[in-house]
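Below you'll find the structure, written out as structure tokens, and then a few comments.
The values are calculated or read from the model by the stated rules, or taken from the named source; none is laboratory data. All values reported here derive from a predicted model rather than from experimental measurement. Because the Cβ atoms are built from the backbone with ideal geometry, glycine has one as well, and the counts that use them run over all protein chains shown.
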Amino acid sequence: MNVLFVSSEVAPFSKTGGLGDVAASLPAALAELGHRVVVVTPRYGSIDPARHGLEWLPLSLDARGERCGLWMRRGGPGSPEVYFLEHDLFYGFRRAPYGEGGVDYPDNPARFAFLARAALDLPRALGMRPEVVHFNDWQSALGPWFLRAEHGDDPWLEGSRSVYTIHNLAYQGMFAKEFMDGLGLPWSVFRLDGGLEFHDQLNFMKAGLSFADALTTVSPNYAREILTVEGGYGLDTVLRSRSGDLFGILNGIDEREWDPSRDPHLPARFDARDLRGKARVKAALQAELGLPVKSHVPLVGMVGRLADQKGMDLVAAALPALLRLDAQFVMLGSGQRDLQDFFSWVSGQRPDRFAARIGFDEGLAHRIEAGADTFLMPSRFEPCGLNQMYSLRYGTPPIARAVGGLADTVEDYDGWKRGTGFLFGPLDPGALVGAVQRALDVWRDVRAWRGIQARGMALDFSWGRSAERYEALFRGLAGN
Ligand code: ADP
Ligand code: GLC
């Protein structure tokens, strides 16, 4: 099959979270199954074509009269071609995907409407006929509507089916309805029922939910949660009306990028048979962070966006109790200003116990996954979550809230011979502290801990099986 995959971020070129990882590894896994997968994404100012060996193409795309140029990363066996849209909307004076200094770019509606439209002109420019066009998250969610409304007589997209994946229902792309005209959207589609309206606003995600031929989300449990009033973010009614077309397919991880036995970001390597290198990574990490280098003090790691979703406010509320435990903590993240300031301040007050690093640091993320003893992920909600899978693979049992994809991937330790981590339910600081306490107690029982580590490290989170589920869905849609 030919698949056109549209995403606002693709690692390693651009990444603000898990979408970037998935947009890199799912297309690669589909290409490995023998499909031609063409990925299209913006060329942001932060993407240096020379550094990534991109080629400039003598082609240009047209999005409703607006033209743009193209860079390409050549594909190979099992690796997809990636096309980058070169346009002032993405490049010019800005560097980041969505905004800078905590403020979104005000023209994001125009920027991402452009992404979806230009992507749909790529098949013509490349002379390809995609069976499936796969859109992701709010940024490309207008795509399924454009495919229907603007490509009715397009020979290149004749018979193309659309798939829309929800990576996070909490970010819907909501804008004032006055944007409709500028985006070239007809008012007839500004309606509640099967349209783009949401509380008198324009909602990009609703276009994906209403007009895609099939919907997916990134874990089976989240697929159930979003059908409820609590988990549906106001879109549960729309989702329930399409529940027959909605599939929960668990994300995989890139097992080459996240492999403790050959991770270039680590000062020592290890695997399930020989964990000695893990102890060396921990010592080096403690030194790097200015924490006392002590093997007998457990180190709890955290990496993630400092946002409500990740339950970081819960961590803040629990900190007085956590700091009374005989443990060290490291947190790497960026996001909400109040949380950044709070954690930095605590880090200054208790440098012997709590190390906060504010920013985005790929290498440090790997070292925390590898060097910490346990990984804390107290998410309020979590569509899938990748970090807990990385930590399982790195012998760093997660402590997580039993929601979304976390509940699908972490099995609670039963105090005996089952389980890969520590789950808790209630959204309150006491429950979080209780779970951390429980994990640290078990940590001191070396045999029990080794068992938990071994079971986690033996799990298979490769993309293979998940990619086959996407493949089956695509085949069903394409009728072949
Ligand atoms: P989400 O997409 O909701 O942010 P995921 O767990 O799916 O959560 O994916 C987050 C990805 O981003 C992971 O690869 C994680 O390691 C990475 N990440 C998040 N914050 C940082 C950071 N501050 N520095 C480095 N990597 C980060
Ligand atoms: C979103 C979700 C996260 C998921 C990622 C990739 O950002 O918050 O849970 O793992 O997308 O699908």
Return the total of residues in the range 221-252 being over 21 Å from V410 (Cβ atoms), free of Cβ contacts under 8 Å to residues at least 40 places away in the same chain and within 16 Å of ligand 2 (Cβ to nearest atom). 1
List pairs: first residue in the range 310-327 and farther than 8 Å from L432 by Cβ, second residue at pLDDT 95 or above and in a loop (DSSP other than H, G, I, E, B) anywhere in the structure, Cβ distance under 7 angstrom, at least six positions apart or on different chains. K310/G304; K310/S379; L323/R350; L323/R353; D326/V297; A327/V297; A327/P298
In the range 62-87, which residues are within 22 Å of the chain's Cα centre (by Cα) and more than 16 Å from V10 (Cα to Cα)? G78
Just name the residue that is farthest from the chain's Cα centre (by Cα) out of those in the range 266-312 that are away from ligand 2 (no atom under 16 Å from the Cβ) and under 30 Å from G425 (Cβ atoms). V297
Quick check: is even one residue across the range 172-184 exposed (fewer than 15 other Cβ atoms within 10 Å of the Cβ), closer than 30 Å to R380 by Cα and more than 21 Å from the chain's Cα centre (by Cα)? yes
The listed residue being modelled with pLDDT of 95 or more, surrounded by fewer than 21 Cβ atoms within 10 Å (Cβ to Cβ) and over 21 Å from E225 (Cβ atoms), out of I452, I368, I358: I358
Candidates L19, L30, L4, filtered to the one that is assigned to a helix (DSSP H, G or I) and within 26 Å of G479 (Cα to Cα): L30
Being free of Cβ contacts under 8 Å to residues at least 60 places away in the same chain and either away from ligand 2 (no atom under 16 Å from the Cβ) or of a type outside the set (D, E) (or both) is the requirement here; does E81 meet it? yes
Keeping to the range 268-286, report how many residues are touching a residue at least 40 places away in the same chain (Cβ under 8 Å) and not hydrophobic (A, V, I, L, M, F, W, C). 4
One residue is enough: does the range 341-364 have a residue meeting the conditions of a type in the set (A, V, I, L, M), under 24 Å from R438 (Cβ atoms) and under 20 Å from the mean Cα position of the chain (by Cα)? no
Out of R67, R74, R95, R51, report the one residue that is in contact with a His (Cβ under 9 Å, 6 or more places away or on another chain) and without any contact (Cβ under 8 Å) to a residue 60 or more places away in the chain. R67
Say whether the condition of being assigned to a helix (DSSP H, G or I), outside the structural domain of Q340 (by TED's automatic domain parsing), buried (at least 21 other Cβ atoms within 10 Å of the Cβ) and at pLDDT 95 or above is met by at least one residue in the range 281-298. no
Taking the range 385-411 and the residues there that are more than 9 Å from F375 (Cα to Cα) and small (G, A, S), the one that is nearest to ligand 1 (Cβ to nearest atom) would be G385
